[in-house]
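The values are calculated or read from the model by the stated rules, or taken from the named source; none is laboratory data. Quantities reported herein were computed from a predicted structural model and do not represent experimental measurements. We place every Cβ from the backbone using ideal geometry, glycine too, and count neighbours over all the protein chains shown. Heavy atoms of the whole protein, side chains included, go into the accessibility calculation; ligands, DNA and RNA do not. Shrake-Rupley method; radii C 1.70, N 1.55, O 1.52, S 1.80 Å.
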Amino acid sequence: MVQNLNAEFPSLTRAEVIVKMAQIVAAVGDGHTNIYPTRDPKIDFHTLPVEFTFFGDDLYIRATQPEQRSLLGAKVLRIGSLSEEDAYAAAKTMIGYENEGGARYWAEYLLAMPEVLEALHVTSSVDDVPLILATVHGQVPVTLHSSAPVEIMSGDISTLFYRRPGWVDIRDLYPGPDPLWIREINVPFHFEHAENVLYLQINTVSDTKDELLAHFAQRVHDEIITTKPDRVAIDLRQNRGGNNTLIVPLIRSIIQSESIDRSGHLFGIIGPATFSAAQNLTDDLEKYTNILFVGEPTGSKGNAYGDSRKIILPNSGITVRVAIYFWQDWLPTDKRDATVPQIPAPLTFEAYSHKIDPALEVIVRHREQLNSK
């Protein structure tokens with residue numbers, strides 16, 4: 001691949017060179033070794049005035065700038081000359097990943113970058129991005145244009161569902177408050193009571209300037225003793241990782257909460273954004289507690305390379321992130337490519353749009369369902 005790039009270099013555009021370098025790096029084959037346009041301002045790619053999101057296998061327009069409001073909720077059938085499936089397959093060649101969930105997480109961003117689409121020959125021009133959309137009015141062709149530079153984002157918290165100033169999200173079209181999992185999505189960690197459930201949302205495995213994660217773990221333990229909830233839900237759906245050496249106090253706080261560390265009382269909510277140190281936390285919860293996982297498969301696996309370090313390329317200044325450690329949380333014979341929930345509760349487009357959280361609903365109803373059998 002390097003030899004081919006060297007041979008083709010004189011005839012390539014800058015975007016084509018960057019995409020081919022990303023394909024070389026992604027060929028290493030782990031989720032922490034990548035070139036990320038969303039984490040490197042030196043790349044200086046742009047984005048469309050819409051946000052794509054996968055719900056299951058289908059790609060939807062989840063949020064838009066006000067001028068594209070009429071496209072909200074449309075399902076993407078074609079991008080440029082390719083079907084949505086083939087466009088995704090092309091973008092996936094740029095992504096280091098461990099499973100489909102991990103690949104789709106990054107593809108949502110890449111498929112909205114005109115430079116990426118043109119360099120992959122999905123479109124013929126960086127100026128025009130033709131789409132075929134499935135809407136309530138049938139199939140509709142539209143052409144979108146670049147709107148702004150790619151937003152640079154953190155690697156340890158998923159910002160996919162953050163509200164962007166001035167943009168409209170499909171959930172804005174429906175009344176009522178946001179569900180818990182996106183109500184405090186930009187808070188590193190917090191807890192609150194939801195009916196008979198103590199709901200913990202941990203969006204990063206990190207200390208903050210206001211509180212150590214170990215202190216939060218102790219507060220969780222004290223809250224369980226004081227309020228005696230019937231069950232606890234630990235939500236890791238938006239957690240992209242952090243520092244896995246901070247995990248032990250969290251695990252200890254759960255193990256020491258004997259009223260909760262029992263089958264049917266302790267739940268973990270996971271999904272395709274659950275990655276890196278969040279996967280390590282998922283692994284330890286699986287290993288040391290009586291947790292039941294709800295939601296969708298994680299975006300990583302328990303035996304994987306991690307702890308990426310930066311290599312700054314000397315001429316372009318572009319950053320390559322490269323994993324340096326192998327973490328083996330599972331047995332060597334464990335060939336799973338993800339932690340798969342015992343209780344599936346996928347986030348569908350309809351549930352998201354109507355501000356419903358299928359995972360928390362399952363947990364709230366879990367005991368009633370058992371008692372009715």
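Tabulated values for the structure
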read-out: Relative contact order, percent, the chain [alpha-carbon distance under 8 Å, six or more residues apart]; value: 16
read-out: Helix 358-372 vs. the chain, principal-axis angle (Cα, 0 to 90°, nearest 10); value: 40
read-out: Mean Cβ neighbour count within 10 Å, used as a protection proxy, ranking 291-299, 312-320 highest first; value: 291-299, 312-320
read-out: Sites Thr13 and Lys92 - FRET efficiency at Förster radius 35 Å, r taken between beta-carbons, to 0.05; value: 0.95
read-out: Whole-percent carbon and sulfur share, accessible surface of the chain, 1.4 Å; value: 54
read-out: Cα-centre dipole for the stretch 1-60 with unit charges at Cβ (Lys and Arg positive, Asp and Glu negative), debye to 20; value: 280
read-out: Computed label-point distance, nm, for sites Thr135 and Ile251 using a 7 Å Cα→Cβ extension; value: 5.1
read-out: Given charges at beta-carbon only (K, R positive; D, E negative), |dipole| of the chain in Debye; value: 240
read-out: Ordering of 173-186, 198-211 by burial proxy (mean other Cβ atoms within 10 Å per residue, highest first); value: 198-211, 173-186
read-out: Degrees, to the nearest 10: 213-227 long Cα axis against longest axis of the chain; value: 40
read-out: Sequence ranges 215-227, 349-361, 94-106, ranked by mean other-Cβ count within 10 angstrom, highest first; value: 94-106, 349-361, 215-227
read-out: Inter-label distance for Asp230 and Met1, nm, one decimal - labels placed 7 Å from Cα along Cα-to-Cβ; value: 5.1
read-out: Under 15 Å between alpha carbons - lysine pairs in the chain that sit 8 or more apart or on different chains; value: 4
read-out: ³J(HN,Hα) computed for each position of the stretch 320-330 - Karplus, 6.51 cos²θ - 1.76 cosθ + 1.60, integer Hz, glycine/proline x; value: 9, 9, 10, 5, 10, 10, 9, 9, 10, 8, 9
read-out: Under the Debye formula (equal points on every Cα, no solvent term), log10 I(q)/I(0) of the chain at q = 0.09, 0.10 Å⁻¹; value: -0.53, -0.66
read-out: Most to least accessible of Arg336, Arg62, Arg237 (protein chains only, probe 1.4 Å); value: Arg336, Arg237, Arg62
read-out: Cα centroid separation - the stretch 109-188 against the stretch 18-92, whole Å; value: 9
read-out: Helix 100-110 vs. the chain, principal-axis angle (Cα, 0 to 90°, nearest 10); value: 50
